[in-house]
Amino acid sequence: MTPVVNGKTHRFGVRGLYNGLVLMGDYETGSYWDHITGACLHGPLKGYQLEIFPLLHMNVAQSLAQWPEVHVAISSELNLMQRLLASIMVPLYRSKWAIFPPVVFKMTMGKEDTRRKRMDFGLGVWTETTHRYYPLEILGKMRGALIDELDDRRVLVYTDPTSNIPAAIYTDATQSAWHNDELKLDNGEIFRGGKLYNAQGVAQTAVCPMQIHTRWYGFSLTFPGCQLYQA
Amino acid sequence: MSKVSSEIYQQNNQSKKSINKFDVSRAMLRDKDLFSSFHVKSTYPLRKVLDRGEVNDTTPILVMNHKAGTLTFLKHQIVSHHLAYGEMAGQQWMIIL
């Protein structure tokens, strides 16, 4: 996101909970903001929209394959207890045994969408007009890759075998198939080691729609009535 | 859109209207930060951090694709901070998990 409102930089912090998700608050006006969409939900700036960009989940090898010169920000501000908690939380985040956070989170939730289980994991993809959730379970049944249409553009939704994390990119291919750890597209492109190559073997920059690796409750409460991909 | 996929997406996509229906009665709102945000003042080449053994190939990370550029974060750190912010190429950025 870009924390700039009407040309002025605002400072944000996590200042609330809503729908079982964190809310951002800005220091300057005390307004509260949706952390997924960047929309101001409450306060003097209600209705304002922050500029948003994709935040992708992957592993170190995947990121270096795509951006060999990329930098990393490393915090030195975490104490031992925070580091210990984080080491537990990251594996738990994706675990099928994950329990829902404390009661206070549930108290902030609206009417849930029961088409999927609350803690179901998937990839939420959205544009200005379309909001769609791809359950990991369905993606697994599709052998970890599918091609769909999103606002008249094709998207490849896939689970990278090296990280087991789902992602979506725009494509002009119509079919895909895994060959060992390579995902071959019928336009000649190949996904290998977290990197997209064209038919000539030249590395390509993948263009991504907005997306979030999320639980069903988070996506469906943020985008009520969202589309649910069904194989 | 193909026939099959158009059938799949007959469901109502009514979210635009609903997004702005904020029910303050069930929101938990505070005027102070619940977590300490991470103010990023310096960054390091990920390749060197990998070579030094501070991370390995499978370490989970987050990748921010901002208009100012691309930057990565250690996921286990952002799980604690929740929010990180800084400046890159003269532009302000922020991520939140």
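Just so you know, all these numbers are worked out from the coordinates, no wet-lab data involved. Source: prediction; values computed, not measured. Don't worry about glycine lacking a Cβ; one is built from the backbone with ideal geometry, like all the others, and counts go over all protein chains shown.
A few comments on the model shown:
- Highest GNM mean-square fluctuation among A:188, A:144, A:122, for chain A modelled with Cα contacts below 10 Å: A:188.
- Between A:24, A:81, A:210, the GNM of chain A built on Cα springs shorter than 10 angstrom shows A:81 fluctuating the most.
- Of the peptides B:63-76, A:106-119, A:65-78, the order by per-residue mean of other Cβ atoms within 10 Å, starting with the highest, comes out as B:63-76, A:65-78, A:106-119.
- Gyration tensor (alpha-carbon) shape descriptor, the protein assembly as shown, a/c threshold 1.5: oblate
- Site pair residue A:152 and residue B:56 shows an inter-label distance of 4.9 nm when each label is modelled 7 Å from Cα along Cα→Cβ.
- With a 10 Å cut-off around each Cβ of A:187-196, the average count of Cβ atoms from other chains is 0.
- Number of partner chain Cβ atoms within 10 Å, mean per residue of A:121-130: 1
- Estimated FRET transfer efficiency when R0 is 30 angstrom, pair residue A:8-residue A:129 (beta carbons, to 0.05): 0.55
- A simple packing score, the average count of other Cβ atoms within 10 Å per residue, orders the peptides B:35-43, B:49-57 as B:35-43, B:49-57, with the highest score first.
- Distance-filtered residues of the stretch A:37-75 - backbone nitrogen under 19 Å, label point 7 angstrom along residue A:170 Cα→Cβ: A:51-56
- Take the Cα of residue A:49, go 7 Å toward its beta carbon, and the backbone nitrogen atoms of the stretch A:7-41 under 20 Å from that spot belong to A:7-10, A:24-26, A:31-41.
- Inter-chain Cβ neighbour count for A:40-47, averaged per residue, equals 3 (cutoff 10 Å, partner chain atoms only).
- Against chain A, whose longest principal axis comes from its Cα atoms, helix A:80-94 is set at around 50 degrees.
- Most fluctuating residue given options A:35, A:131, A:179, as computed from a GNM of chain A linking Cα atoms under 10 Å: A:179
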